[in-house]
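The values are calculated or read from the model by the stated rules, or taken from the named source; none is laboratory data. Every value quoted in this text rests on a predicted model; they were computed, and no experiment measured them. Because the Cβ atoms are built from the backbone with ideal geometry, glycine has one as well, and the counts that use them run over all protein chains shown.
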Amino acid sequence: MLLTVDHVTTYRYSQPVRGVVQTHRLQPTAFDGQTVLDWQITVTDGIKGGHFRDGAGDHVQAWTIQGPVSEITVTVQGRVQTTDLVGVLRGHRERTPPQCYLQSTHATDADMALADLAASANAGAGDLAAAHRLSALIADTIAYTPGATHAATTAAEALALGQGVCQDQTHALLAIARRAGIPARYISGYLHATEDGTLHEAAHAWAELHLPDLGWVGFDPANRCCPDDRYIRLGSGLDAMDAAPIKGIARGPGTEQLDVHLAVQQSGQ
Amino acid sequence: MTQYFNEMYEGGEVRLPYAQLDDWMRNMPAELRQMKQAEAEALFRRIGITFAVYGEGGDPDRLIPFDMFPRVFSALEWSKLERGVKQRARALNAFLADVYGRGEIVRAGRIPAKLVYQNDAYEKEVVGILPPKGVYSHIVGVDLVRTGPEDFFVLEDNCRTPSGVSYMLENREIMMRMFPQLFRDNRIEPVDVYPDLLRRTLASVAPTKCNGEPTIVILTPGHFNSAYYEHSFLADLMGVELVEGQDLFVEGEYVYMRTTEGPRRVDVIYRRLDDAYIDPLCFRPDSMLGVPGLMDVYRSGGVAICSAPGAGVADDKAVYTFVPEMIRFYLGEEPILNNVPTWQCAKTDDCKYVLENLKDLVVKEVHGSGGYGMLVGPKCTATEIAEFALRIKAKPHNYIAQPTLALSTTPTFVEQGIAPRHVDLRPYCLVGERIELVPGGLTRVALTEGSLVVNSSQGGGVKDTWVLAG
């Protein structure tokens, strides 16, 4: 599938800030399931910083913006050719040992309820069937409900609520997978939403679990599927904050207001 | 009754390195000694060197007792120590380059993957990032004890930011000021080259993007830190700026320092700040001590950070037991310095042995520090031992055990005159383009009679450490 992305993020500050430092994981990496045809990122008044590929294979690009500045716009435009690999991340160049992704974080710590949930999946074998069971379990226990949670909600809190968005469902899946001894990581990316409304959230998140023989395999509990050619994979991490496409720190006392416009569309050749 | 090796006397004879000190000691009247001791204390107070060694906590303004009786090594003894310490520093750096690279030692099954990759000190953020010259740990502090003429054991390695080197320098300075004659009568290797060697070491790992003479800074958490004195002392001696996080900023591909003449690019940062605090954008977001964006500059080759982020995975207590294996694996050599034999309670056989011999062993928590959660078998009652045994049984993987070592003694000035007291040693190995070891180090001494604990928080003091010229 040929997908075009048009993604504009605007930061507005209540009073001008002295400067902003950002780090981006905003550029899809190549693997057998996705080929980047063209990709452009601009930051208003931004000075391009260092670029490198991290151990997980992600493109990381640093930016600095000199103040005083009261508005910053990050624009992403690009085209990606995708292929359905039923979730398998084949041909992705990366170095970080999968065991690193057994480490828990505040957002993904398993409390008693999550530990019980993990145990109920009987995922000891750590195989593909077990991974599917874990993902289904999250879809069954945390209902997709926008507005019920916020950016800092933890996996344990979302499970207690029984509600959440893709970020919460992914955190919860990471928590129970790691608990079952399966390395698991957070993926941030884009999703081409279908016209009938069965798929939602163009700015999307899902999980990858590391399985024997298959390596990293994606699971999207929000849509009860494995990522296919409607998905564009941007970057990974231990949790949402670690994998965030844009992270930044502004110097100054002002409050920040965020505005996002995103369109992911299928283009006719 | 344990026999302790006395570094000055052997069977009633004075050992050769101490020959001159024997006369010095015999000819010093008690009044002169008291006068000199008071003078030494006054000097230390005036200099203001009153911080707690190795971040042990306690009163930061307390003076650590200085013992005037030097600890001496012959040239021959030192050459073995030097080769041993340098060998260890090379192996530890090779290990770090490996576990953030291809991980050969793990693939070869010589160290468990879990111990490395699930270690809290392992930073996945720097996987695949090779620091300038491939060096991760630029200052390796190796803690050593001696149990016999030829027997040295490594207690632990410090690969991050080992402190205490200012004591090595000040102890020497004060001894030379008080007893100049001693330095004429003995041929003692100088230690005052350390700051210059440290500066050259740091300059040698400047990133390739740096052109011309590299700009070096010391990054300190600030004057509330217990080792702040040392940070400013070293900055002074090296002639480099001492900065806090707020003095630095990132722009584009580089880090700059604010100066009165405008921003100045920084090439090498000797940080005395833990990984977690150096960049809120990459690590702890609540840290006010670091520099936002620093890690991106580092990872794209714009600045060198010493020690490199992630270096801590090499000096963990459980990883320690594998250092001899690292030496064999990377260098193809046999270890020159011994590890203390260590039983891992996580292993069934080891745990059984430990539980049966608790009264003779020292048991430590794998991730513990500062002597907390520790059992010193010979000093404990049967009840205390029984209670500790329950804790080990409940969480065996959390404990390691070692024999209680018969630490050597050296003569030390005490109330009653001169008496043997137990000592340890921390030399500071510098790793850059070359590996250098200043002949000397920090000797800590347990001032309480019979005590084997040299920590300053428990009545420990410091001594000048001499290496005699060959």
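The table below gives the values:
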quantity: Selected residue [at pLDDT 95 or above, more than 14 Å from chain A (Cβ to nearest Cβ) and at positive phi] from B:GLY239, B:GLY293, B:GLY252, B:GLY301; calculated: B:GLY239
quantity: Count of residues meeting criterion [more than 14 Å from every other protein chain (Cβ to nearest Cβ) and either under 22 Å from B:CYS282 (Cα atoms) or more than 19 Å from the chain's Cα centre (by Cα) (or both)] in the range A:54-80; calculated: 6
quantity: Selected residue (only one of A:ALA172, A:ALA240 is hydrophobic (A, V, I, L, M, F, W, C) and either under 25 Å from A:ILE72 (Cβ atoms) or within 14 Å of chain B (Cβ to nearest Cβ) (or both)); calculated: A:ALA240
quantity: Single match in A:LEU234, A:LEU209, A:LEU262 (criterion: over 30 Å from A:ALA110 (Cβ atoms) and either in a strand (DSSP E or B) or modelled with pLDDT of 95 or more (or both)); calculated: A:LEU262
quantity: Subset of the range B:290-301 (residues that are crowded, with 24+ Cβ neighbours inside 10 Å and touching a Gly at 6+ places or on another chain (Cβ under 9 Å)); calculated: B:GLY290, B:VAL291, B:PRO292, B:GLY293, B:LEU294, B:ASP296, B:VAL297, B:TYR298, B:ARG299
quantity: Qualifying residues in the range A:33-66 (those that are of a type in the set (Asp, Glu) and within 23 Å of A:LEU238 (Cα to Cα)) - the one surrounded by the fewest Cβ atoms within 10 Å (Cβ to Cβ); calculated: A:ASP54
quantity: Positions within the range A:13-53 being in contact (Cβ under 8 Å) with a residue 40 or more places away in the chain, within 14 Å of chain B (Cβ to nearest Cβ) and not basic (Lys, Arg), in sequence order; calculated: A:VAL17, A:GLY19, A:VAL20, A:VAL21, A:GLN22, A:THR23, A:HIS24, A:LEU26, A:THR29
quantity: Strands (runs of 3 or more DSSP E) wholly inside the range B:388-451 containing at least 3 residues that are within 22 Å of the chain's Cα centre (by Cα); calculated: B:399-403, B:417-426, B:428-431, B:435-437, B:442-446
quantity: Test for A:ALA148: is it part of a loop (DSSP other than H, G, I, E, B) and farther than 17 Å from A:ARG178 by Cβ; calculated: yes
quantity: Subset tally (residues that are within 14 Å of chain B (Cβ to nearest Cβ) and either assigned to a helix (DSSP H, G or I) or of a type outside the set (D, E, K, R) (or both)) for the range A:89-117; calculated: 13
quantity: Hey, A:ASP140 in contact (Cβ under 8 Å) with a residue 12 or more places away in the chain, of a type outside the set (Gly, Ala, Ser) and more than 18 Å from A:TYR186 (Cβ to Cβ) or not; calculated: no
quantity: Of all residues in the range B:95-126 being in contact with an Asp or Glu (Cβ under 7 Å, 6 or more places away or on another chain) and outside any helix (DSSP H, G or I), the one that is farthest from the other protein chains (Cβ to nearest Cβ); calculated: B:ARG110
quantity: Looking only at the range B:399-431, and only at residues there that are of a type in the set (S, T, N, Q) and in contact with a strand residue (DSSP E or B) (Cβ under 6 Å, 6 or more places away or on another chain), the one that is surrounded by the most Cβ atoms within 10 Å (Cβ to Cβ); calculated: B:THR410
quantity: Subset of the range B:163-187 (residues that are out of contact with any Asp or Glu (no Cβ under 9 Å at 6 or more places or on another chain) and not in a helix (DSSP H, G or I)); calculated: B:PHE179, B:ASN186, B:ARG187
quantity: Contacts under 7 angstrom Cβ, first residue in the range B:445-463 being at pLDDT 90 or above, partner assigned to a loop (DSSP other than H, G, I, E, B) and surrounded by 23 or more Cβ atoms within 10 Å (Cβ to Cβ), 6 or more apart; calculated: B:VAL445/B:VAL454; B:ALA446/B:VAL454
